1. Those residues that are touching a helix residue (DSSP H, G or I) at 6+ places or on another chain (Cβ under 8 Å), at pLDDT below 95 and not in a strand (DSSP E or B), I need them from the range 3-45; list them, please.
2. Can you go through 107, 182 and tell me which one is touching a strand residue (DSSP E or B) at 6+ places or on another chain (Cβ under 9 Å) and more than 16 Å from ligand 4 (Cβ to nearest atom)?
3. Please pick out the residue among 211, 138, 207 that is under 28 Å from residue 83 (Cα atoms), in contact (Cβ under 8 Å) with a residue 60 or more places away in the chain and touching a strand residue (DSSP E or B) at 6+ places or on another chain (Cβ under 9 Å).
4. Which residue out of 122, 168, 127 is surrounded by 18 or more Cβ atoms within 10 Å (Cβ to Cβ) and not in a strand (DSSP E or B)?
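The values are calculated or read from the model by the stated rules, or taken from the named source; none is laboratory data. Every value quoted in this text rests on a predicted model; they were computed, and no experiment measured them. So basically every Cβ, Gly included, is an ideal-geometry build from the backbone, and we count neighbours across all protein chains shown.
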Ligand SMILES: [Ca+2]
Ligand SMILES: [Ca+2]
Ligand SMILES: [Ca+2]
Ligand SMILES: [Ca+2]
């Protein structure tokens, strides 16, 4: 009867006896099926007929899919299935597949390591087709707004390397590692432009270079940055003004938009009072003391 220990020892020795060095191949992902990776007969120093006689075959570790095969007629190692680095290794910097070459009579195993090189077969992509930003027009120069970074399924130089913002009047781009920010270079004015579309491009470092874009849609929110605006530059009216003596004067005054078309009687009285006050002093009156005329900024008398 063979003890458990002896069984393990037997397999260990067998493993040592039949394994002959590693073989290593490095080639790019996405090669067509049937593409030649190398020649195993030459690499092992075997006659091509030997492979066929000893029923050479490529095995996997068991669970792995077989991505490569051997041509017994000439010893060439060929691609047997699609090898997609992104699908196999994701963000790993190095992507390795392990297979074995098995020869029989006598049993001989060669470990084969495939180093799968990345090719630039993916473009940078933003999570969304467009990014919406709402920025108040009171935002000061230098204000920063974080933009979600782009992603590229490739690795190293084939992943995102730089960003570029299409020239525009208000924003520049600041990139620090994975932090992408719009920086307000020139302040916004909602009264001039309520909507701004910016085009942001992410570029990888592959050859040929690939890129992805996103539209940043900026809605400029209002701030109370304007005094009431005059509806017309000059408003002419005749006004009876009573002070020491009763006189009729023609005045030019500037009128604010919200002035009622006709003043109620009580306001007419107050207006007369304010104007009379003005005439007695500077001929120009600030109507701060006339709260009912808050729409007026100034009255200028021309006679
Ligand atoms: Ca791929
Ligand atoms: Ca790739
Ligand atoms: Ca890429
Ligand atoms: Ca405003």
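1. Selection gives 40, 41.
2. Exactly one of 107, 182 is touching a strand residue (DSSP E or B) at 6+ places or on another chain (Cβ under 9 Å) and more than 16 Å from ligand 4 (Cβ to nearest atom), namely 182.
3. Checking each option against the conditions leaves just 211.
4. Residue meeting the stated conditions: 122.
Residues are listed down the side, and each one gets a yes or a no for (1) assigned by TED's automatic domain parsing to the domain that holds residue 96; (2) surrounded by 13 or more Cβ atoms within 10 Å (Cβ to Cβ); (3) part of a strand (DSSP E or B):
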{"residue": "142", "(1), (2), (3)": "no, no, no"}
{"residue": "145", "(1), (2), (3)": "no, yes, yes"}
{"residue": "153", "(1), (2), (3)": "no, yes, no"}
{"residue": "172", "(1), (2), (3)": "no, yes, yes"}
{"residue": "202", "(1), (2), (3)": "no, yes, yes"}
{"residue": "209", "(1), (2), (3)": "no, yes, no"}
{"residue": "212", "(1), (2), (3)": "no, yes, yes"}
